[in-house]
Amino acid sequence: MRITVSTVVFLMLWTSSFAQRKLESSSDILHELKKLNVVGKALYVAAHPDDENTRLISWLENERLVETAYLSLTRGDGGQNLIGSEKGDAMGVLRTQELLEARNEDGAEQFFSRAVDFGYSKTADETLEIWDKEAVLGDVVYVIRKFKPDVIITRFPADGRGGHGHHTASSILAEEAFTLAADPAAYPDQLEEVEIWQAKRLLWDVYWWNTTLRDEAIASGGIIEVNIGEYNPLLGLSYSEIAADGRSQHKSQGFGSARSRGNKIEYLKHTKGDQAEQYLFEDINTTWTRVDGAESIEKSVQEIISNYKADQPSASVSGLVSLYQSMQEFENNYYVIQKMEDVKRLIKASAGIYVEALANNYNYVAGDKLTGKFSVVNRSDIPFKLKNISPKVDSSFDEINLAFNENVSFPFSIIFNKEISQPYWLQHTAYDKIIEADYDLRANPENKKVLMFEYTLNLNGVDINFEEPIDYKSTDRVDGELHRDVIISPKVTVNLADKVYLFSNDEAQQIDLLVEANQANINANLTVKVPEGWQVTPSSISLNFNAAGEQKAINISLTPPKNQSVGDLTIELNGKPAKSVQRIDYPHVKPQILFPDAKAKVVKVDLKKQVKSVGYIIGSGDDVAQNLKQVGFEVNSFNANELAVKDLSEFETIIVGIRAYNTEESMKNGNTILNEYVKNGGNVIVQYNTNRGLITDDIGPYPYHISRNRVTKEEAKPTFLKPNHPLLNQPNKIIQADFDGWVQERGLYFADEWDDNYEPILEWNDPGEEPQAGSILVADYGEGHFIFTGISFFRQLPAGVPGAYRLFTNMISYGK
């Protein structure tokens with residue numbers, strides 16, 4: 001198929017940011033050379049980061065040698081976090097980077113739609129309504145038209161057996177897009193950028209872990225078997241080992257996986273298109289004969305492979321340059337464009353050419369002078385010339401011969417104006433609405449780099465153009481060399497100490513602000529805006545900064561109104577909304593920086609307390625302890641491994657943080673210690689844990705079973721099973737209005753079976769389902785009390801939901 005020259009340029013830009021395995025050894029180079037003669041593609045489609053079958057993707061990319069991509073419809077921003085307290089937008093950013101790290105392991109590419117992960121959904125109908133089906137379907141069509149896969153594979157069946165509504169919806173959309181991508185009447189506006197495309201077949205990747213579904217699928221026919229456990233001697237790994245390394249990048253989801261070895265049969269069931277009888281790519285031409293007149297490319301590649309010298313990869317450079325030159329005759333063909341980019345990577349890798357454009361700092365403001373060095377080293381005896389560096393470096397530079405193993409560097413200094421470095425999908429965000437994305441970024445995993453250097457390498461009169469993104473490199477005394485993206489920051493940022501400020505009486509609270517300049521000699525007028533009825537002093541402050549990095553701590557006094565109230569406190573700088581700064585920094589991903597609006601929720605809640613001293617056993621990361629401090633509880637947070645030596649008698653109530661029984665080994669013995677504390681008159685509250693990966697099944701003084709049951713409708717009406725129970729009446733009278741304004745869900749991982757010593761307190765259900773009573777269980781034990789709750793307080797309290805504070809306070813105060 002032919003495409004226009006303008007589209008060619010767009011495609012080259014569009015493919016520049018995808019993940020690829022690094023070419024770091026002679027065997028890596030040979031492996032990549034073999035891919036040049038396979039002209040085929042596979043697209044894997046699912047709903048979330050971590051849904052993908054990394055083993056199958058690794059096999060497709062590295063054994064079948066077809067270009068493979070994963071389309072995750074969401075960025076996982078509605079998920080839980082096992083390693084930190086990021087939620088919402090920040091969670092999506094973290095999980096995006098985890099997916100890119102996974103693709104760096106298996107070499108596949110990564111795409112996204114604009115769908116927002118709004119949390120667990122039980123039906124595809126609900127999911128598609130909230131997502132805006134037509135918009136997300138258009139994104140899937142767009143990726144198919146852009147990537148042009150021969151084979152499309154879904155992780156889930158489209159009939160609801162995938163459980164999660166997002167899962168089912170992802171396959172429904174993939175099936176519809178399979179047909180619509182070839183229809184010129186479908187999303188015709190896309191055809192200004194891409195052409196229609198018809199994939200050959202679509203299949204379902206049958207669950208290997210559900211033997212019932214697997215056996216049913218096999219018995220119904222239409223099955224292709226592939227051994228995705230094969231060993232790749234060039235890479236020195238099986239695809240199961242590569243997959244485990246990729247899977248283990250999903251650390252926020254607790255998906256660390258051990259490497260496995262040996263045969264692993266995967267079953268792929270025919271869904272749409274031409275049915276294959278034996279082979280996944282049956283009747284699909286994956287040779288260069290699919291491109292008119294390009295048969296010579298296959299011959300040239302095979303000759304390079306036949307003559308390849310493992311101890312001297314540079315001997316292949318001349319052939320690769322000739323291959324690149326011959327490919328230019330087909331510069332309007334999609335497949336050739338893709339492979340030309342691969343040839344360029346191979347030329348640099350075979351010659352040992354290393355290029356970097358390093359900034360002197362990673363943090364700049366629009367209008368700053370960005371300075372650094374552009375460096376090249378040629379670690380072969382191939383006589384390359386370096387030409388045409390753009391943007392311009394040292395004004396004296398024209399062109400230079402790259403001598404063997406000599407590092408040449410040129411300083412650069414560039415003044416540019418760009419918007420702040422906010423992830424593009426967050427610039428128009430509304431949590432429950434489809435995200436509006438700039439068209440040239442559509443489907444991309446992340447933003448374009450702040451600056452790309454273009455340069456030319458010349459060998460024997462042949463010019464080859466390359467790009468190198470600007471980067472920042474530092475050295476850590478422990479971790480060694482570290483890299484991060486260069487970013488554009490606001491001139492001034494304002495961070496509030498907390499995201500929510502709770503008031504349970506009429507007394508004023510001090511609000512702490514940290515104001516930081518990212519540029520020298522800045523003057524700013526800071527204004528605090530509060531809801532009607534609230535009073536703030538001072539409301540306006542003039543600030544002067546002499547140096548970049550200078551910080552000022554500001555204290556303001558906020559007084560609540562007499563009555564219960566919920567609103568936002570916002571900060572303006574020079575009359576415009578101010579930005580705060582949020583850093584996401586974990587060893588397994590590139591550091592990320594977000595600039596959300598500088599604001600906090602302020603809540604005046606009618607709240608009575610009967611307990612002051614609370615112990616909080618730290619779980620997998622939540623803000624509940626800090627939230628409780630704000631309403632006057634004296635909270636002492638400590639790790640589970642301190643339980644055995646801690647004097648628990650100093651606490652009136654002990655709260656176990658979320659997923660502590662999933663993550664903290666010390667909780668194996670912790671339950672015995674906590675039961676003794678309860679027996680002696682203490683009060684223990686255990687928040688939700690997942691039923692997968694429990695460290696112990698012994699939780700609480702009496703047995704109960706944690707299920708996967710949940711109520712996902714945040715407006716689901718509760719029924720008070722025991723209206724006169726103290727938990728619903730003391731010290732705060734809980735009423736239906738206390739369940740207004742909740743976010744994302746009511747709760748998750750409820751109990752579905754329990755000992756008769758437990759009392760269920762309330763029940764609720766999603767539409768069309770039976771009521772569930774396992775969200776709060778209360779038991780007396782000895783002189784004290786034990787409470788289990790699956791209610792998502794870890795979401796409600798940081799969101800400032802007044803009724804959630806009142807209910808949780810009653811739990812803390814229970815029996816006191």
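Could you compute the FRET efficiency for K309 and R214, with r as their C-beta to C-beta distance and R0 at 41 Å, rounded to 0.05?
0.35
Over segment 531-596, what per residue volume does the convex hull of the Cα atoms give, in whole Å³?
Given the Cα convex hull of segment 531-596, per-residue volume reads 150 Å³.
What do you get for GluC sites (Glu not before Pro) in segment 294-347 restricted to DSSP loop and a cutoff of at most 13 other Cβ within 10 Å of the site's Cβ?
E331
Treat each spin label as a single point 7 Å out from the Cα along the C-beta direction, and report the N465 to E225 distance in nm.
Rounded to a tenth, the inter-label distance reads 5.1 nm.
With everything on Cα atoms, drop me the angle between helix 165-180 and the longest principal axis of the chain, reported from 0 to 90° to the nearest 10.
Here the helix axis deviates by roughly 30 degrees.
Over 20 Å intervals from 0, what percent of Cα-Cα pairs in the chain sits in each interval?
It works out to 14, 42, 33, 10, 0, in whole percents.
Any idea what angle helix 133-147 forms with the longest principal axis of the chain, computed on alpha-carbon atoms, 0 to 90 degrees, nearest 10?
Taking Cα atoms only, the helix is inclined about 30 degrees.
Using only alpha carbon pairs under 8 Å that are at least six residues apart, calculate the relative contact order of segment 27-144 and give it in whole percent.
Relative contact order, segment 27-144: 25 percent.
Can you pull out the trypsin sites (Lys or Arg not before Pro) in segment 542-608 whose DSSP state is coil and whose Cβ has at most 12 other Cβ atoms within 10 Å?
K562
Once you have the Cα-Cα distance between A185 and E406, take 0.36 nm times their residue separation minus that, and quote the gain in nm to one decimal.
The span from A185 to E406 would gain 73.9 nm if fully extended.
May I ask you to list the GluC sites (Glu not before Pro) in segment 602-698 that are in a DSSP loop and have at most 14 other Cβ atoms within 10 Å of their Cβ?
E665
Provide the per-residue ³J(HN,Hα) series for segment 352-360, in order, calculated from phi with Karplus coefficients 6.51, -1.76, 1.60 and θ = phi - 60°, each as a whole number of Hz, with x at glycine and proline positions.
Values per residue, Gly and Pro as x: x, 7, 10, 10, 8, 10, 10, 7, 6 Hz.
Between I554 and L694, 0.36 nm times their residue separation minus their Cα-Cα distance comes to what?
Computed gain between I554 and L694 is 46.0 nm.
Extension gain R261-K418, at 0.36 nm per residue separation less the Cα-Cα distance, in nm?
Extending this stretch completely gives an extra 51.7 nm.
What is the helix-to-structure angle for 667-679, meaning the angle in degrees between its Cα long axis and the longest Cα principal axis of the chain, kept from 0 to 90 and rounded to the nearest 10?
Orientation of helix 667-679: about 10 degrees from the principal axis.
Could you check what % of the DSSP bridge pairs in the chain are antiparallel, to the nearest 5?
70 percent
Pairs K552/K601; K87/K579; K146/K272; K299/K387: which are spaced more than 26 Å apart, C-alpha to C-alpha?
K299/K387
Take D342 and Q302, extend 7 Å from each Cα along the Cα→Cβ direction, and tell me the distance between the two endpoints in nm.
Taking the simple label geometry, D342 and Q302 are separated by 1.6 nm.
List the relative contact order of the chain as a percent without decimals, with contacts defined as Cα pairs under 8 Å and 6+ residues apart.
Once normalised by length, the contact order is 9 percent.
Could you work out how far apart the two model spin labels at E783 and M452 are, taking each label as a point 7 Å from the Cα in the direction of the beta carbon, and quote it in nm?
That separation, rounded to one decimal, is 7.1 nm.
Can you order the peptides 68-76, 252-260, 491-499, 539-547 by their average number of other Cβ atoms within 10 Å per residue, highest first?
Ranking the peptides 68-76, 252-260, 491-499, 539-547 by packing returns 68-76, 491-499, 252-260, 539-547.
Taking the Cα centre of each part, how many Å lie between segment 785-813 and segment 448-464?
Between the Cα centre of segment 785-813 and that of segment 448-464, the gap is 58 Å.
Report the FRET efficiency, 1/(1 + (r/R0)^6), for D398 and E481, where r is their Cβ-Cβ distance and R0 is 35 Å, rounded to 0.05.
0.65
Which log10 I(q)/I(0) values, to two decimals, does segment 635-745 give at q = 0.22, 0.24 Å⁻¹ under the Debye formula with one point per Cα?
The computed values of log10 I(q)/I(0) come out as -1.25, -1.30.
Please label the shape of segment 84-214 as rounded, prolate or oblate, based on the square roots a ≥ b ≥ c of the eigenvalues of the alpha-carbon gyration tensor (a/c under 1.5 means rounded; beyond that, a/b larger than b/c means prolate, else oblate).
It comes out rounded by the Cα gyration axes.
Given a Förster distance of 41 angstrom, what is the FRET efficiency for S666 paired with D132, based on the Cβ-Cβ distance and rounded to 0.05?
Efficiency for this residue pair is about 0.35.
Quick check: Cα centre of segment 483-498 to Cα centre of segment 192-224, how many Å?
Using only Cα atoms, the two centres lie 45 Å from each other.
How big is D, in µm² s⁻¹, for segment 137-188 by Stokes-Einstein at 4 °C and 1.567 mPa s if Rh is the Kirkwood radius over C-alpha pairs?
Taking Rh from Cα pairs, D becomes 114 µm²/s.
All of the numbers you see were taken from the coordinates with simple rules; none came from a lab. Here the structure is a predicted model, which is why all the values come from computation and not from measurement. Quick reminder, even Gly has a Cβ in these numbers, built from the backbone with ideal geometry, and neighbours come from all protein chains shown.
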